[in-house]
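Novice: The structure is given below, and queries will be raised subsequently.
The values are calculated or read from the model by the stated rules, or taken from the named source; none is laboratory data. This one's a predicted model, so the numbers in the text were calculated from it and none came from an experiment. Heads up, the Cβs are rebuilt from the backbone with ideal geometry, glycines too, and the neighbour counts pull from every protein chain shown.
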């Protein structure tokens, strides 16, 4: 696949070295590299790249500033539209968004917008830190005003963080409720530190606190308080639900309840949030054994496989039912995984697991697949090949085939409509069927990207503001 | 928040803490649990909420110091704070007027039983409590249970208190009486819940058990606590922790509870220096 990565090379840790550590893999562009890449930008009159950006960053503007070596100003331009550029620069699938829309993409030479975004954000973070002015140029509430309305945001993942920030900038009092003991949602528990260092997430969350957003951890809304209580008893004028799609899906095949078969959510939470990779220095264990099979072909599967490898396993298989071409994971992640020695088994699916007398998984019985007609997703449907079953010996399995809607909030909120899969129903602007209650991110759309979740948070913040102003007038 | 205002040692290695957490004290209902963490590198562990006082804003937990986290927790003293407490979690126990109930607590499970017993009594049931333990030193909450139940039967494995034998022996005797038993609630070691359920199934008595699988988040996002109930996968944290005892796969639960046994020793041996901090 052609792409900017053929034009510009971002330095990375050596695969042999990095597969033994959790340090960041991609090391970022140098100033010279960034300026030289920025010089290639055509600064189009009608920038198509911006149409490909879910939050509408003024892309040519910030690239021109990089070209002029005005790096801090470039970061400021990005931050006008995107609260978390250091994060998005790392985890956004730019190849499907801004870079895909870049006019140069036709020639296979799209501008590496993601790399440049990361460069500007990192530069700003590093330099404002040096001056001991952390977050100095970022966001100050623009109009702390008569708007004394309180707003509750449930979930501190990318959507919740963005919505909270936008509302705070408009002068609202914002409380962010997080169920875990640390804020950040999927940025903390899901994405591993070798792809997104946790210091970056902490830095952004500190910024939010400095802006005056109140963050309440260990607060499981739906149990500790319901959405109705937040509105009626605690006087919140609006509630934004951004709890993510965190309810793991298993395949429902025989033996899936055996020991050491984990959901990717469990495995990644233990590994990233609880830092099981430092065990016994930390207290949360994880047992993988020598051979691990990761089931699935998305970014979560890649993250799981690469974490498992770094925890000292000998063999990590990635078992995916379609071919490489259909893998939903980012090309860059697949390449990184291959370089590190993950063994891919394409057109293969587990059909059952067998274990020993202690209920510990020992074998994954798999079947070969072939591709049939395209299904609803437009990808060719995998069809099992009869009689092609074979076994692989495994000590653990990580099931990374997706997530469903978590029912905790919808089950405990009156008159909140959900669709047949349990996702919250909203209008195009994020209003739910319940007055004063809004929702966005994965709990509305199902599993999607960080930037799409952020886009929804931003949109909801504007609508909440608009609705509240209208109600007051 | 989470400041320990009372620490009581109930027996060797078993403690009762009362700590401040107003919101939790108001929200919690019988049968619900919390997840806590003791230090910054600590594990999240679930513990059942034993009691609460919504006016004083305090919550009571009872735990046995068996693993690393519970040992570190037992090192805390009055005035210390528990680092993280999330809850209440799980669904409250279904409380109705069933009629004649037997509520069974085994070992430290008696702490879990206590709030349910109290609620059953308040709902107008005739409540017979059976409390079992290894020996008289590991029996807990006898006076508290006695005060809120219509009858109390105590059993110990070695006969050092109450009747020698298991809680199921006592239950069997109760079933043998003339009065029909309408409902049984059991919580304690898995084997005790399993044997209780086997016995009540023979006699067709509705039985709820409270499961205690390994958990991480307690909000339905990881699946560590998945159990098989009636042949279906259920997450104890959001679908339970109470389930129909006649439908639970107890053998699976026993085996899943052993998953990290080896690691617990390793973790414990790395815990001494943390106690000094």
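Novice: Considering every residue within the stretch A:347-356, establish whether at least one is over 24 Å from residue B:222 (Cα atoms) and in contact with a helix residue (DSSP H, G or I) (Cβ under 9 Å, 6 or more places away or on another chain).
Specialist: No, there is no match, as no residue in the stretch A:347-356 is over 24 Å from residue B:222 (Cα atoms) and in contact with a helix residue (DSSP H, G or I) (Cβ under 9 Å, 6 or more places away or on another chain).
Novice: What number of residues within the stretch A:273-295 are assigned to a loop (DSSP other than H, G, I, E, B) and at the interface with another protein chain (Cβ under 9 Å from one of its Cβ atoms)?
Specialist: 11
Novice: Going through B:266, B:233 one at a time, which residue ends up being more than 20 Å from the chain's Cα centre (by Cα), within 14 Å of chain A (Cβ to nearest Cβ), more than 27 Å from residue B:72 (Cβ to Cβ) and free of Cβ contacts under 8 Å to residues at least 12 places away in the same chain?
Specialist: B:233
Novice: Now, a different point. Out of A:361, A:365, I need the residue that is more than 14 Å from every other protein chain (Cβ to nearest Cβ) and either touching a strand residue (DSSP E or B) at 6+ places or on another chain (Cβ under 8 Å) or under 21 Å from residue A:287 (Cα atoms) (or both). Which one?
Specialist: A:365
Novice: For residues that are surrounded by fewer than 16 Cβ atoms within 10 Å (Cβ to Cβ) and within 20 Å of residue A:226 (Cβ to Cβ), scanning just the stretch A:401-456, find the one that is nearest to the other protein chains (Cβ to nearest Cβ).
Specialist: For the stretch A:401-456, the residue satisfying everything is A:407.
Novice: If you go through the stretch B:79-93 one residue at a time, do you hit one that is part of a loop (DSSP other than H, G, I, E, B), more than 29 Å from residue A:409 (Cα to Cα) and at pLDDT 95 or above?
Specialist: yes
Novice: So which residues in the stretch B:22-42 are in contact with a strand residue (DSSP E or B) (Cβ under 6 Å, 6 or more places away or on another chain) and either assigned to a strand (DSSP E or B) or surrounded by fewer than 24 Cβ atoms within 10 Å (Cβ to Cβ) (or both), if there are any at all?
Specialist: B:25, B:27, B:32, B:33, B:34, B:35, B:36, B:37
Novice: Something else about it: Residue by residue through the stretch A:212-256, note down the ones that are facing chain B (nearest Cβ under 9 Å), free of Cβ contacts under 8 Å to residues at least 24 places away in the same chain and in a loop (DSSP other than H, G, I, E, B).
Specialist: A:224, A:252
Novice: If a residue counts only when it is closer than 18 Å to residue A:406 by Cβ, which strands (runs of 3 or more DSSP E) contained entirely in the stretch B:190-235 have at least 3 such residues?
Specialist: Qualifying strands (runs of 3 or more DSSP E): B:232-235.
Novice: Also, quick follow-up: Please specify each residue of the stretch A:60-71 satisfying the condition of being over 23 Å from residue A:103 (Cβ atoms) and crowded, with 16+ Cβ neighbours inside 10 Å.
Specialist: A:71
Novice: Moving to a separate point now. So residue B:190 ticks every box in (1) within 14 Å of another protein chain (Cβ to nearest Cβ); (2) surrounded by fewer than 23 Cβ atoms within 10 Å (Cβ to Cβ); (3) over 18 Å from the mean Cα position of the chain (by Cα) but one. Which box is left unticked?
Specialist: The single condition residue B:190 does not satisfy is (3).
Novice: Only one of (1) assigned to a helix (DSSP H, G or I); (2) touching a residue at least 60 places away in the same chain (Cβ under 8 Å); (3) surrounded by 20 or more Cβ atoms within 10 Å (Cβ to Cβ); (4) touching a helix residue (DSSP H, G or I) at 6+ places or on another chain (Cβ under 9 Å) fails for residue A:270. Which number is that?
Specialist: (2)
Novice: Scan the stretch B:175-187 residue by residue and report those that are in a helix (DSSP H, G or I) and either within 21 Å of the chain's Cα centre (by Cα) or surrounded by fewer than 16 Cβ atoms within 10 Å (Cβ to Cβ) (or both).
Specialist: Of everything in the stretch B:175-187, just one residue is in a helix (DSSP H, G or I) and either within 21 Å of the chain's Cα centre (by Cα) or surrounded by fewer than 16 Cβ atoms within 10 Å (Cβ to Cβ) (or both), namely B:176.
Novice: Moving to a separate point now. Filter the stretch B:120-174 down to residues that are in contact with a helix residue (DSSP H, G or I) (Cβ under 9 Å, 6 or more places away or on another chain), more than 24 Å from residue B:99 (Cβ to Cβ), touching a residue at least 60 places away in the same chain (Cβ under 8 Å) and not in a loop (DSSP other than H, G, I, E, B), then give me how many there are.
Specialist: Going through the stretch B:120-174 one residue at a time, the tally reaches 1.
Novice: Is it true that some residue in the stretch B:218-228 is surrounded by fewer than 22 Cβ atoms within 10 Å (Cβ to Cβ) and more than 13 Å from chain A (Cβ to nearest Cβ)?
Specialist: For the stretch B:218-228, residues surrounded by fewer than 22 Cβ atoms within 10 Å (Cβ to Cβ) and more than 13 Å from chain A (Cβ to nearest Cβ): absent.
Novice: Would you point out the residue of the stretch B:252-262, among those that are free of Cβ contacts under 8 Å to residues at least 12 places away in the same chain and at the interface with chain A (Cβ under 9 Å from one of its Cβ atoms), that is nearest to residue B:207 (Cα to Cα)?
Specialist: B:255
Novice: In the stretch B:35-48, what residues are within 12 Å of chain A (Cβ to nearest Cβ) and in contact with a helix residue (DSSP H, G or I) (Cβ under 7 Å, 6 or more places away or on another chain)?
Specialist: Selection gives B:38, B:39, B:42, B:43, B:45.
Novice: Which of the residues that make up the stretch A:175-191 are surrounded by fewer than 22 Cβ atoms within 10 Å (Cβ to Cβ) and part of a loop (DSSP other than H, G, I, E, B)?
Specialist: Passing the criteria: A:181, A:182.
Novice: Can you find, within the stretch B:49-74, the residue that is nearest to the other protein chains (Cβ to nearest Cβ) among those that are crowded, with 16+ Cβ neighbours inside 10 Å and part of a loop (DSSP other than H, G, I, E, B)?
Specialist: Filtering first and then ranking leaves B:67.
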